[in-house]
2 protein chains.
Amino acid sequence: MVVYKPSSRDRLEEADIDRIFQALADATRRDILRQSMLREQSVSELARNYSMSFAAVQKHVAVLERALLVTKERRGREQIVHSNPAALRRAARLLDAYEALWRDRIDRLGDLLSEPGTEAPRPDTPGNDTRKDTQQ
Amino acid sequence: MVVYKPSSRDRLEEADIDRIFQALADATRRDILRQSMLREQSVSELARNYSMSFAAVQKHVAVLERALLVTKERRGREQIVHSNPAALRRAARLLDAYEALWRDRIDRLGDLLSEPGTEAPRPDTPGNDTRKDTQQ
DNA sequence: CTTATATACAACCATTTGGTTGTAGGTTAG
DNA sequence: CTAACCTACAACCAAATGGTTGTATATAAG
C-alpha cells in the first residue's frame, strides 16, 4: 500500500536514472555517444555527421553530459567529447535488475506449479494468478 | 562524412529503441513496470499506488505498452497489465553493445600503448571510420 | 434495476524538448 | 593584424510530455 515513497537519497538517484534514459531516448544522441566511444572528437567534428545545426548537436551533447554519459574537455579552441562508460554500465545493470526481478517471479510460479494437484491455470486463489507469460 | 544514414529497416528499429528508453525515462513508469513484474495487476490496482489521477497512470501504462514493455489483457471489466521482459532484455543488450564498443576502443588503445615508443594517446590517424557498428 | 467500479477518451494546460537563427567571444591560421 | 573557426548562449517556435478534469460506456455487485 505504501509503494513509491523513495527515500530522499533515492529520489536523487531516480532523477539520475531519468536523465540517463532520457538521454538515450533519441537516436541522434545514441549515435553521438557511439561516435565518441569510437573516437574522441570535438563537438563541431561530431556535428558534421548530422544534418542539423551545430547548436542542435551542441544541445544534444549537453543532454548526454547532464546524464553523465559523456564529459567535455577543453583543448585549445575546441571542446573534446569523451564518453563515460560508467554511467552506461549503471543503466545496463539496472535493466538486468529488472530482468532478475521478473525471473524471480517466474521461479516462484515454478514453485507453485511444481506443487502436486495445482493444475488450474486460473484459480480464484487470493494468492493471485498462475500465468506463465512466456511471450516473445 | 556519411554516418547516421540508417537503413529503412534500422530506422524502424531506432524508433523502437527511442520508445523503450523514453518509456524508461520516468520514475513512475519504471515503478509501474516493476510492480507489474512482481505481480500482474489491473490498471486501477496499479493506480492506487500513486498520488496522481487514474487517467495519468493509464497514460503511463499506455507509454509502456507502446514501447512493448507491457501488454494489457482484458479480464472482465478490468485490464490486466503484464510485463514483457523481452523488450527489456533487448534494451539491456543494447547497452551491453555500447559498452563492448568502448571496450574495443580501449583494447585498441592498449595495443597502441604496448607498441614501444608510441605514447601519444591522441593519434590523428586519418584512416578513420573504424566503425564496428555492433549496435543492438 | 440500480449503483458502484474499471476503463476509455477528449479537451485543456504548463512545461519540456528538439530544432532554428542570431550574436558574441575566444583561439588558431595566414 | 585579420580572417576563419569553435564554442557559448539567448530568443524564438512547434510539437511532445505529463498532468488535470469531465464525460461516456461496459461490467459487476447488491
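Every number in this text was worked out from the coordinates using simple rules, so none of it is lab data. Just so it is clear, the structure is predicted and the values come from calculations on it, not from any experiment. No Cβ is skipped: glycine too gets one built from the backbone with ideal geometry, and neighbour counts run over all protein chains shown.
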Tally the residues that are assigned to a helix (DSSP H, G or I) and within 11 Å of DNA strand D (Cβ to nearest atom), restricting the search to the stretch B:32-60. 9
Of everything in the stretch B:46-98, what is within 11 Å of chain A (Cβ to nearest Cβ), touching a residue at least 24 places away in the same chain (Cβ under 8 Å), surrounded by fewer than 17 Cβ atoms within 10 Å (Cβ to Cβ) and of a type in the set (D, E, K, R)? Give them in sequence order. B:R75, B:R93
